[in-house]
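Please treat every number below as a calculation from the coordinates, not as lab data. On a predicted model such as this, the values are computed, not experimentally measured, just so you know. Methodologically, a virtual Cβ is constructed for each residue, glycine included, from the backbone with ideal geometry; neighbour enumeration extends over all protein chains shown.
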Amino acid sequence: MTTDNTYLGKIIRVDSGTVEVEVSNDIPSAAPIINGRLYKIGQIGTFVKMPIGNITIYGIVSSVSNTPSKADEIQLRYNFGSRFLSVQLVGEKIGDDDFEKGIGTYPTINDEVHLVIEKDLFDIYGKRDEGSIEIGKHSSSENLSVYADIHKLVLRHSAILGSTGSGKSNTTVSILKAILTDYVGSRVILVDPHGEYASAFPDAKIFKINDATNPLFIPFWLMSFDELAYFLVGAKPSDDQKIDYRMFRDLVTNFKKENNVLVSGTVDRNYITADSPIPFSARKLWWEMNWWLNASFTTTKKDEQTKGTAVIENDGDFENLIGAKFTSHLSTPSTSSPHVSQNKEYFAYEKKILSRLKDSRFDFLFNPGNYKGVAGTKDLNDLLNEWIGSSSKLTILDLSGVPFEVLDITVGLITRFVYDSMFWGRSETYTGKKRPLLLAYEEAHTYLNKNDSSSYSKQAVEQVFKEGRKFGLGALIISQRPSEISETILAQVGTYVALRLTNSGDQSIVKASAPDNLNSLIDFLPALRTGEAIIVGEAIKIPSRVRIKLNNPRPTSDDPKLVEAWKTAHPENTENYKPVVTRIRQQKF
Ligand SMILES: Nc1ncnc2c1ncn2[C@@H]1O[C@H](COP(=O)(O)OP(=O)(O)O)[C@@H](O)[C@H]1O
Ligand SMILES: [Mg+2]
């Protein structure tokens, strides 16, 4: 066997999962040519194999040295020119069976170690299993496709990590395209904070704020009461002791209870709380508060001041945020009718709500188009059908117009609503486990930050990572700052697609969280070429260095084209900036 032209050397040490190999001095060249191909001996990241009877064990070279790892062996073995390889064992192949991850039989001292040639790689990668997608080509061979197990990639969750410009967006497109092309029943929601993916997926359904065909709406009444109170008036759950907070809660509960006959079905009033996702009008909420604050009454007694005793001139127009008008009371405290309102509890809230509602940047939440739930309008079943029931399979939620201060709650609401739909749809034939769903989060570090203890989106996405699998919900996070991402999320990531990563803090996070204990491959991260990835984890047979193909059409980066812009001269014009200032004032395009 030692005459075999793939012979590399012998095992001199075996640890759990790692063996040390002494490269034979008889090897004529450090780079033999086998079947016309050049193989570099002992290159880090390359495979070696150890044939033991009819079992072949495969490993990856993780370090190369000219001394063995234990000093006492130096005297025994050291002779100039020897090389010692540390090899991490990754899997085995028994007879003609397929390659399997993990080791059942361990090699022992003096076992032979051989180079892995292209034919062996085909044995490992070549066969495409049922239920896989092609993720790219092996870095060492253009002809060698690398496949990922789609079930594990989706339902055990995955992450695409890499510095800016390393090729994350392109990789995302590659993976999603492979899924959408190969699986007619697949479905994906892509959360796209920079609006860069529309160009890459002409067939996708794209929702965007103010879009003429598919405007993005995320009805505010999906918020729990605490979220709503915090967002509208800055109140915290600890304000529960205060009368104004409790009255606000009652008001919201009543609005929801009044609106229980809905397009998707009637909801039993007894089950409705301030947290139930039941539609109501935020404008009417404001109008009601405004009414109680401003009303005049025929009586001074607070408990007799009701809608029936008000002295009203007109109702105003809640849709246009015009309050009701009352005959003004004559003096304070008034001696004759009409009398001033004693209902001042909403005093602090009314103005805050009004300014929120007047800010048109938040219209996609507080003025959610036709999503009113009542007959002749849209209800949440329509929202679900548009997002996850459409035949286009991929829905892109373009959040580029979402103001930064509400990005967190927006992603949180989207995630929680989709999660709830999978949880409560788990026994249906068309959703839940019967039709799994992938949620992909681009720029995940911006809203899944580990240091943000009050993040709604982080809470919701963590729930997907922890429990989603049971109801057919998987997640993919895409980020250039893995070190900023919630550890709960990273710990649940089954498959890592790690592109070039230059920041050492980020590298160590990947090292620490990536499965398979393949630190040697992870050490490559700063040196990878654009579009090249180390893929490790559950969805892949063997940790691999993979080239991802460049897709066309591409995602568009929203980076300004600086050189072109600065090459053009821009003449002065006193008319400039007028519309800009008006937009700043109106907060509206
Ligand atoms: N697989 C690839 N092969 C060749 N070039 C690539 C590849 N992936 C990305 N690129 C190039 O790198 C640029 C940045 O890629 P992109 O996917 O936007 O990176 P990221 O999302 O990590 O910032 C692309 O515009 C493209 O020119
Ligand atoms: Mg990108």
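Here are a few things to note about the model shown:
- Between the C-alpha center of region 400-449 and that of region 52-66 there is a gap of 43 Å.
- Under-5 Å amide H pairs with R187, H placed in peptide plane, nonlocal only: L438
- For region 85-93, 3J(HN,Hα) per residue [Karplus equation, 6.51 cos²θ - 1.76 cosθ + 1.60, θ = phi - 60°, Hz, x = Gly/Pro]: 10, 9, 10, 8, 7, 10, x, 8, 9
- Only beta bridges with both residues in the chain are counted; by DSSP, about 70 percent of them are antiparallel.
- The amide H of I206, built 1.01 Å from its N in the peptide plane, has I396 as neighbours under 5 Å, considering only residues 5 or more places off or on other chains.
- Total charge dipole magnitude, the chain, about the Cα centre, Cβ charges on Lys, Arg, Asp, Glu only, Debye to nearest 20: 840 debye
- Average silhouette area of the chain, convex hull of alpha-carbon atoms, in square nanometres: 37.5 nm²
- The share of C-alpha pairs in region 7-125 whose separation exceeds 26 Å stands at 16 percent.
- Protection proxy ranking for 459-469, 374-384, using the average of other Cβ atoms within 10 Å per residue and placing the highest first: 459-469, 374-384.
- Rounded to whole Å, sorted largest first: equivalent-ellipsoid semi-axes of region 225-360, Cα gyration tensor: 28, 17, 15
- Inter-centroid distance (Cα atoms) of region 81-116 relative to region 198-232, Å: 52 Å
- Nearby aspartates and glutamates by direct alpha-carbon distance to K325 (threshold 20 angstrom, same-chain neighbours under 8 apart not counted): E288, E304, E313, D315, D317, E345, E350
- A DSSP coil position with no more than 16 other Cβ atoms inside 10 Å describes the following GluC sites (Glu not before Pro) in region 118-173: E130, E142.
- Among residues other than A440 with Cβ under 14 Å from its Cβ, the summed charge is -1 (Lys and Arg +1, Asp and Glu -1).
- Cβ-based net charge around A348, under 11 Å, with every Lys or Arg adding one and every Asp or Glu removing one: 0
- Loop-located trypsin sites (Lys or Arg not before Pro) in region 152-261 (DSSP state not H, G, I, E or B) with no more than 13 neighbouring Cβ atoms inside 10 Å: K242.
- A simple spin-label model places the labels of H151 and D226 3.8 nm from each other, with each point 7 Å out along Cα-to-Cβ.
- Amide hydrogen neighbours beyond the local backbone of A475, cut-off 5 Å, H modeled: H157, S158, L439
- Region 236-275 and region 333-385 have Cα centres spaced 14 Å apart.
- Subset of K256/K450; K466/K511; K257/K378; K236/K284 violating a 25 Å alpha-carbon distance limit: K256/K450
- Filter on K137/K393; K168/K578; K541/K561; K10/K119; K242/K301 - keep pairs with C-alpha separation over 30 Å: K168/K578; K541/K561
- Counting only whole DSSP H helices of the chain, the ones at least 27 Å long by C-alpha along their axis and with mean Kyte-Doolittle hydropathy no lower than 0.0 are 404-423.
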